Amino acid sequence: MDQRPIGVFDSGLGGLTAVRQMRQIMPSEHIIYFGDTARVPYGNRSRETILKYARQDMGFLRQFDPKLVVIACGTVSSNCLEELQAENEIPIIGVVEPTVRRAVSVTGNRRVGLIATRASVNSGAYQRLFEAMAPEIQVFSRACPLFVPLVEEGRFQSGDVVIETVAEEYLQELRGQRIDTLVLGCTHYPLLTEIISGVMGGSVFLVDAGREAACAAQSLLLERDALAGPGLGDVRFFTSERAADFQRLAGIFLQEPCRAEAEPVDIGRY
């Protein structure tokens, strides 16, 4: 048993969808969550800037002596995971590999779609892993740069003409590719499940990056005999900006009322 916390970070609050899944499958774990709300989104930044931000995020989480860090950010996972793993003795997992493994296991016709930030798609990380795991699979990728800022602004409900129009624009080409599986390569995107399914059709299986990262975290801790002992764990929340809006927005991502307040962080110090 290991009572140390799990660290989780994302460019904004989308990573809370991964926290929600972790709380469901590992309720005894203590979690430290950092959302870099001052600099969201990461997906339109250069790789050098993304790595700089990710190192600062890791620097902040390290002070809590975490037993594991989950990068609940597709952009960082696809661009910087190897560097962060090499620079830190703490086990670090991202969302890319678990998500690709799930997609490979569920696709029937071997035609898979990927939606993610521009930086994630351009990195080629998802495509390389698909090629390594199942080279026969055809992967059709689409960057969706407006999804993250719209979700962060609460624009993800069915009937919202803005997000529905954007989703139709982004997804219409993928709809024509006869895919049977769609990877949601960003932890913000599960809030758009209803919108995305409405465009793609109910027969397309949606792979939730947050869910798969949570399951991968549980497997790693089981393997290391490092799960927390009996009892209910807690979550501490930290953000680099918009702490006043945190409870309302966090409740949306967690899909339950959030009574905890976010503690502010000057991330530039790390």
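The values are calculated or read from the model by the stated rules, or taken from the named source; none is laboratory data. In this text the structure is predicted, and so the values were computed from the model without any measurement. Neighbour counts are summed over all protein chains in view; Cβ atoms, including those assigned to glycine, are modelled from backbone coordinates with ideal geometry. Heavy atoms of the whole protein, side chains included, go into the accessibility calculation; ligands, DNA and RNA do not. Shrake-Rupley method; radii C 1.70, N 1.55, O 1.52, S 1.80 Å.
When SER158 is tested against the conditions (1) of a type outside the set (Val, Ile, Thr); (2) out of contact with any Gly (no Cβ under 8 Å at 6 or more places or on another chain); (3) surrounded by fewer than 18 Cβ atoms within 10 Å (Cβ to Cβ), the lone failure is (2). Determine whether PHE156 is in contact with a His (Cβ under 7 Å, 6 or more places away or on another chain), of a type outside the set (D, E, K, R) and closer than 26 Å to THR37 by Cβ. So PHE156 does not fit the description; no.
Hey, does the stretch 32-51 have a residue that's farther than 20 Å from PRO145 by Cβ, out of contact with any helix residue (DSSP H, G or I) (no Cβ under 8 Å at 6 or more places or on another chain) and open to solvent by 10 Å² or more (accessible area, probe 1.4 Å)?
no
In the stretch 192-207, of all residues being open to solvent by less than 30 Å² (accessible area, probe 1.4 Å) and closer than 18 Å to ALA18 by Cα, the one that is nearest to the chain's Cα centre (by Cα) corresponds to VAL207. On the stretch given as the stretch 71-124, residues that are over 23 Å from GLY201 (Cα atoms), of a type outside the set (Gly, Ala, Ser), open to solvent by 30 Å² or more (accessible area, probe 1.4 Å) and in a helix (DSSP H, G or I) total 8.
Within the stretch 224-256, being over 19 Å from GLN21 (Cα atoms), surrounded by fewer than 17 Cβ atoms within 10 Å (Cβ to Cβ) and either at pLDDT 90 or above or within 17 Å of the chain's Cα centre (by Cα) (or both) holds for ARG224, ASP225.
Just checking, does the stretch 4-20 include any residue being under 23 Å from LEU221 (Cβ atoms), open to solvent by 10 Å² or more (accessible area, probe 1.4 Å) and not charged (D, E, K, R)?
yes
Counting the residues of the stretch 15-63 that are among the acidic types (Asp, Glu) and either at pLDDT below 95 or assigned to a helix (DSSP H, G or I) (or both) gives 2.
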